[in-house]
Structures are given as structure tokens and as C-alpha cells.
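For reference, the structure discussed in these notes is given below.
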Amino acid sequence: MTSKEKIAALRKEMQINNVDAFIVYSADPHMSEYLPEEWQERAWLSGFLGSAGFVVVTKDKAGLWTDGRYFTQATAELAGSGIDLFKEGIEGTPNYIDWIISEIPSEGKVAVNGLATSHANWESLSQKLNSKNIQLADLPLLKEIWKERGTPSKNPIFVHPLERAGKSVTDKLSDIRQKMEDQEVSVHIISSLDDVAWTLNLRGSDVESNPVFLGYIVITKNDAVLFTDLEKLEVEARKQLDDAFVKMMPYEEFFTYLSSFKNEKVLVSPNTNQSIIEALKGNNQLVKGAVPGNLMKAQKNEAELEGFRKVMVRDGVAMVRFLYWLTHRAGKEAMNEYSIGEALREFRAQGENFVGESFGSIIGYKGNGAVIHYSAKSEGSKEVTNEGSILVDSGGQYLEGTTDITRTLALGAVSEEFKKNSTLVLQGMIRLSMAKFPKGTKGVQLDALARLPLWMEGKDYNHGTGHGVGSFMNVHEGPQNIRKDMNPQELLLGMVCSNEPGYYVVDEYGIRHENLIVVKEAEKTSSGTFYEFETLTFCPFFKDIIIKDILSEKEIEWLNQYHKTCEEKLSPYLEGDVKQWFLELVSPL
């Protein structure tokens, strides 16, 4: 079926159920960013494969809302679908709820799949729709038309050992129960997959690139219960749960278990799916707030940070070997964006404890580099030669940690304007790397440091500067970030973030330079405690696309010191022509 045919089939179901508008969010019951195959409803319906965005279908119109990372990609993937693109964050783009209200009759009916709709989205929908006497219903209409939907994987659930986790399951549960006591709640539901995996020091592979598994946790003052596919639990995983007094029950019994709670005070995240809220709200008092473990997970302990530092050396060696291969083979042998991504994965796979990619590699050659979350397909991806520029954004999952790195390089001649923009982006990355800031500072307050060199030239980029990164966990992790949007979460010790400003010229090129950084204490002064960033990533930048005169002396000093550190960390593992080429790369600017 084409997207047009799928939407036509959906409209028939809408007509049968007297629905005027149906919303398909990009979500699963755990509100994951990257979804198990069987929950990729929006991608299946629309053909748009980006990780963020949702579709609204009315009786005669359809629209997809997504952010600036995906404008170019969405335009291409929606072609011929009959779905209009609505660019979030762009002046004149209507709020999707306001658009729905303008398109359907008064006292109409809007439907969603409650399992794949967060409570926060349900609430905002309800408030606006109710004010116009429009009904909101939980109707999983795609069930009727997506007949080939997959089934959950049977991949094993395995132990993430204490020496890598740095904290036992028993201690984590104790800390969470203390937060429950502080908030005077008797029950806590954990539904987000990375929080489930982190709490129980377990990992899996139910979601591509994310070492998580499908499951829920229910914690009370005396009990903790994991709901998952019990057949997938390895022997060591069962023992670890038994030792921590965590009960195990089948995944499908979760909602039945919830119905047993009466007169409890239940802590749930606003990001919990609406079906959980419906199962609890009639007989219990709901306290809506952040999952306590989410913030604990974000502050990496010393064992986790040591894991990051180890895998950054391993990943840096793989990157240098890959970059040598790419720069010396491009133009001499046939390759395309997809085959380059496959080659990069093979270079990483040679490293110890490599599990897989932390996300699908973004290999954007020339104009495709301007597609911020570009994904090359196995069929028809662009041929790569020794001309122009290429953007390589990639990462690895290792048993000790997660990596995410972007390097932009010239494979052939590039313009002076390209070099200038590359330098401005790098300058912003360096300025954020060098930042010193008082305790209590939020990511939004640092975002401008990375953007200012571009802003001074009337330029900007349509994505955040930094996101949290997990420890052998999801490559995108909250609650912290560094971006323009207001986020009240302050940056705390041990938080790992990406540092990735960029600049993009549609159909010409994309530039992004990215390292991972971690918050650490800098000093205590009469003005209070100050923090700074330690750069975790080790891989050189390409000096041939840097205009030295644009950088300040301190910025040049930072870059030269960074390259010296790269030499110290990586050169012992390199040899021959690769090592000689690398030593030239890291020589002073």
C-alpha cells in the first residue's frame, strides 16, 4: 500500500467510528524516541522516517508536523503522499490543535491511540478541544488497517554488571523509594525503557541502536515488580533480580496488575502513556512528576565516566582508521553514502566490546549534508568521489559506554565560504568547550556561546546544540540539554552532553562538529562554586577547512591542546601510514 492508500483506508475507519480527525504520534507505549518496528505507526502511514514528528488526518486533509532537523528530509519523503508539511518553529506554522479545531466541525470527534499518546499530549488536547465542545476518544484505528505489523523481539535481556553500572539495583531502588517518601507517594510507575533498564542494571536489544528492552516497573514501599517477556531474561539477569528482591511478571499482565491498586498515591511521569493514567485514575490519587531515577541516571558516577573515557579512546582509534580509509580511497574506488556507513561500522566492530551503532550513521555527501538527520538508503544513495565535502555523524554502543561524534571534512576542493563557515561552527564548539559557569546554570543559558560566531554573521542552525547521552544506553537522554528552548533543568556534575553546533546550505553542504563533554567542578570562589566541561571525545579536526585568522589565540591554544591530547590517547594504537597521517592531522595549527 502507498501512503495515499493507507490514508484512504484510515479515513474509512474514521467514517465508521464517526471520527473527524485522527492523530498518529511517533511513540510506543513507553514514549520512546526510537521505536520497536511494531510501533512505527507514523512512519508506516506517512513514509516519513525521521525520529520526531506526528501526522493528523481529517476527512479531506492530512498534515505532518516536524522540527527543523527534518524539513528537507520530510519534503522528500512526503512527496506524492497527500500529506502537507507543517514546519514547527517557523513563523506562520499553526499549532496542530488549533489547526484541527479550524478544520473539523463544532462538537466533532478527535481520536488517538491511548497506548501511543503521552498523558501530557492528551491533557493539552483535551483542554483545547473541550473548550470547543470537541470530543477526544481513545480509538486505535490503525490496528484495523496495518495487518503486517511486526511482533516484539525475542532478544535476550542481560546484566549490566556492577563494575560498569557503579551502583547496585538494591541501592538504586532504595534511592528511588527515598524520593517516593519525600513526595509522600506509595506507588511509582516506571514506563520509559531507558529508566527501566537503568534501574535494574539490565540491557537488551528490543529497539534498534538502543540497548533497552520492553518492560514496566512498579515500585511500592515493600515491593518492586518488573513486567517483561520472562522468556528473554538470561539466568544471570533472573538471579540479579532475585537478589534485589524484584519480582518478575509477564509483560501482558501489567494493566491487570494496575487495576488492583485502590486508594494509593501514585507517582507517574507526565510522559506516561494515557492508558496507564486511565487504568489508575478512578481509584487512586495521581501525582504527576519527573521519574526520580531519570535525574539519577543523568548524573554519571565514576564507574560510568571511566567507561566513557575507555570507549572514547577505542572509538577514536576506529574513527581515525576510518577517516584515513575514506580520505585515501574516495575517488579511487566506487563508494556511496550507504557503503561508507557500512565501512565505518566495520571499523568500530574491530574494537573490544562493540555491541552496535548508537544510531543510524548520518553520512551526508555535498548537499545531503544539509539534511540534518539524513539517512542514506542501501538503494540509490549518492556516489561519493574526491570532490566537495562530506559530513559524518555516527556513534557506537560498547559494553562500557556510548559514543556520538561528528566530523566534517573536504574530500576535494571547497570554497572559501565553506571554510569560513566551518571555522565559525568550530569556533562555537570550542567556546562552549571552554565555558566556565556557576553552579545552577541551565543549558539554555550556555547555548548562545556556541551560536554567537554564526549569529554575528547573520547565520544560525535549526537544532539544539547539545543533548544528554546515556552510559551504554540511549544516545539521546534527558532531562538536560543545551538548546534555545527553555528547560528548567540545571547542568549537574556528571551530566554528559553533546556539543554540536552546525551550519547548513540547502542542496550545497552541511557542516557540523561534535564532541561529547561532561560537567565537572572547576573551582570554588567568593562568588560560589563554578563548573566547567571535560571533553570526552578524542578525534582530530581537519585543519584544511579551518581559517586560522578567525580564531582567537585562546581558541587556537584550545585546539592545539586538544589535538595534543588526541595524540597522547590514540597514537599508541595506530601504526604505519595511518599513524603518520594522523600525526600530521594533530600537529599544531
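Quick look at the numbers
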quantity: Tally, over segment 221-232, of residues that are touching a residue at least 40 places away in the same chain (Cβ under 8 Å) and not in a loop (DSSP other than H, G, I, E, B); calculated: 4
quantity: Flag if Val475 is farther than 15 Å from Tyr503 by Cβ, touching a helix residue (DSSP H, G or I) at 6+ places or on another chain (Cβ under 9 Å) and not small (Gly, Ala, Ser); calculated: no
quantity: Pairs with Cβ under 6 Å, 6+ apart, first in segment 234-248 and in contact (Cβ under 8 Å) with a residue 60 or more places away in the chain and more than 15 Å from Phe213 (Cα to Cα), second of a type in the set (A, V, I, L, M, F, W, C) and assigned to a helix (DSSP H, G or I); calculated: Ala244/Val169
quantity: Residues located in segment 434-452, provided they are open to solvent by 10 Å² or more (accessible area, probe 1.4 Å) and of a type outside the set (A, V, I, L, M); calculated: Lys436, Pro438, Lys439, Gly440, Thr441, Lys442, Gln445
quantity: Single residue of Gly528, Gly470 found to be at positive phi and either touching a residue at least 60 places away in the same chain (Cβ under 8 Å) or surrounded by 22 or more Cβ atoms within 10 Å (Cβ to Cβ) (or both); calculated: Gly528
quantity: Failed condition for Leu536, given (1) more than 24 Å from Ile390 (Cα to Cα); (2) touching a residue at least 60 places away in the same chain (Cβ under 8 Å); (3) of a type outside the set (Ser, Thr, Tyr); calculated: (1)
quantity: Meets criteria (open to solvent by 10 Å² or more (accessible area, probe 1.4 Å) and within 21 Å of the chain's Cα centre (by Cα)) for Leu399; calculated: yes
quantity: Of all residues making up segment 479-506, the number that are within 19 Å of Gly68 (Cβ to Cβ), assigned to a strand (DSSP E or B) and open to solvent by 10 Å² or more (accessible area, probe 1.4 Å); calculated: 4
quantity: Subset tally (residues that are out of contact with any Lys or Arg (no Cβ under 9 Å at 6 or more places or on another chain) and under 19 Å from Gln427 (Cβ atoms)) for segment 566-589; calculated: 1
quantity: Every pair of residues 6+ apart whose Cβ atoms lie under 7 Å, when the first sits in segment 331-348 and is closer than 14 Å to Asn368 by Cβ while the second is loosely packed, with under 14 Cβ neighbours inside 10 Å and among the hydroxyl-bearing types (Ser, Thr, Tyr); calculated: Tyr338/Ser378
quantity: Test: residue in segment 505-516 that is closer than 27 Å to Ser471 by Cβ and in contact with a Cys (Cβ under 9 Å, 6 or more places away or on another chain); calculated: yes
quantity: Test: residue in segment 533-543 that is modelled with pLDDT of 95 or more, of a type outside the set (Val, Ile, Thr) and part of a strand (DSSP E or B); calculated: yes
quantity: Flag if Lys239 is assigned to a strand (DSSP E or B), open to solvent by 40 Å² or more (accessible area, probe 1.4 Å) and either closer than 14 Å to Pro156 by Cβ or modelled with pLDDT of 95 or more (or both); calculated: no
quantity: Residues of segment 270-289 satisfying the condition of being of a type outside the set (Lys, Arg) and in contact with a helix residue (DSSP H, G or I) (Cβ under 8 Å, 6 or more places away or on another chain); calculated: Pro270, Asn271, Thr272, Asn273, Gln274, Ser275, Ile276, Ile277, Glu278, Ala279, Leu280, Leu286
quantity: Which numbered condition Phe418 fails, given (1) crowded, with 20+ Cβ neighbours inside 10 Å; (2) more than 14 Å from Glu508 (Cα to Cα); calculated: (2)
quantity: Filter result for the condition that a residue is open to solvent by less than 20 Å² (accessible area, probe 1.4 Å) and in contact (Cβ under 8 Å) with a residue 60 or more places away in the chain, over Glu38, Glu33; calculated: Glu38
quantity: Residues that are closer than 18 Å to His119 by Cα and more than 29 Å from the chain's Cα centre (by Cα), drawn from segment 260-275; calculated: Lys265
quantity: Single residue of segment 62-89 satisfying the filter (of a type in the set (D, E, K, R) and surrounded by 16 or more Cβ atoms within 10 Å (Cβ to Cβ)) that is nearest to Glu13 (Cα to Cα); calculated: Glu77
quantity: Test result for Val475, part of a loop (DSSP other than H, G, I, E, B), closer than 30 Å to Lys332 by Cα and either touching a residue at least 60 places away in the same chain (Cβ under 8 Å) or open to solvent by less than 20 Å² (accessible area, probe 1.4 Å) (or both); calculated: no
quantity: Of residues in segment 49-61 being over 18 Å from the mean Cα position of the chain (by Cα) and open to solvent by 20 Å² or more (accessible area, probe 1.4 Å), the one nearest to Ile134 (Cα to Cα); calculated: Lys59
quantity: Test result for Glu264, surrounded by 15 or more Cβ atoms within 10 Å (Cβ to Cβ) and among the acidic types (Asp, Glu); calculated: yes
quantity: Per-region count, segment 387-414, residues in a strand (DSSP E or B), among the aliphatic types (A, V, I, L, M) and farther than 11 Å from Arg512 by Cβ; calculated: 3
quantity: Subset of segment 299-354 (residues that are under 19 Å from Leu411 (Cβ atoms) and of a type in the set (Lys, Arg)); calculated: Arg321, Arg329, Lys332
quantity: Listing of strands (runs of 3 or more DSSP E) fully contained in segment 277-379 that carry 3 or more residues being more than 30 Å from Asp195 (Cβ to Cβ) and open to solvent by less than 10 Å² (accessible area, probe 1.4 Å); calculated: 362-365
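Residues checked against (1) more than 27 Å from the chain's Cα centre (by Cα); (2) open to solvent by 70 Å² or more (accessible area, probe 1.4 Å); (3) touching a residue at least 40 places away in the same chain (Cβ under 8 Å):
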{"position": "Val112", "(1), (2), (3)": "no, no, yes"}
{"position": "Ala116", "(1), (2), (3)": "no, no, yes"}
{"position": "Asn121", "(1), (2), (3)": "no, no, yes"}
{"position": "Lys128", "(1), (2), (3)": "yes, yes, no"}
{"position": "Leu136", "(1), (2), (3)": "yes, no, no"}
{"position": "Pro140", "(1), (2), (3)": "no, no, no"}
{"position": "Arg149", "(1), (2), (3)": "no, no, yes"}
{"position": "Asn155", "(1), (2), (3)": "no, no, yes"}
{"position": "Ala197", "(1), (2), (3)": "no, no, yes"}
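The values are calculated or read from the model by the stated rules, or taken from the named source; none is laboratory data. A quick note: this is a predicted structure, and the numbers were derived from the prediction, not measured. When we count neighbours, we look across all protein chains shown, and the Cβ atoms used for this are built from the backbone with ideal geometry, even at glycine. All accessible areas refer to the heavy atoms of the entire protein, side chains included, with ligands and DNA or RNA removed. Shrake-Rupley method; radii C 1.70, N 1.55, O 1.52, S 1.80 Å.
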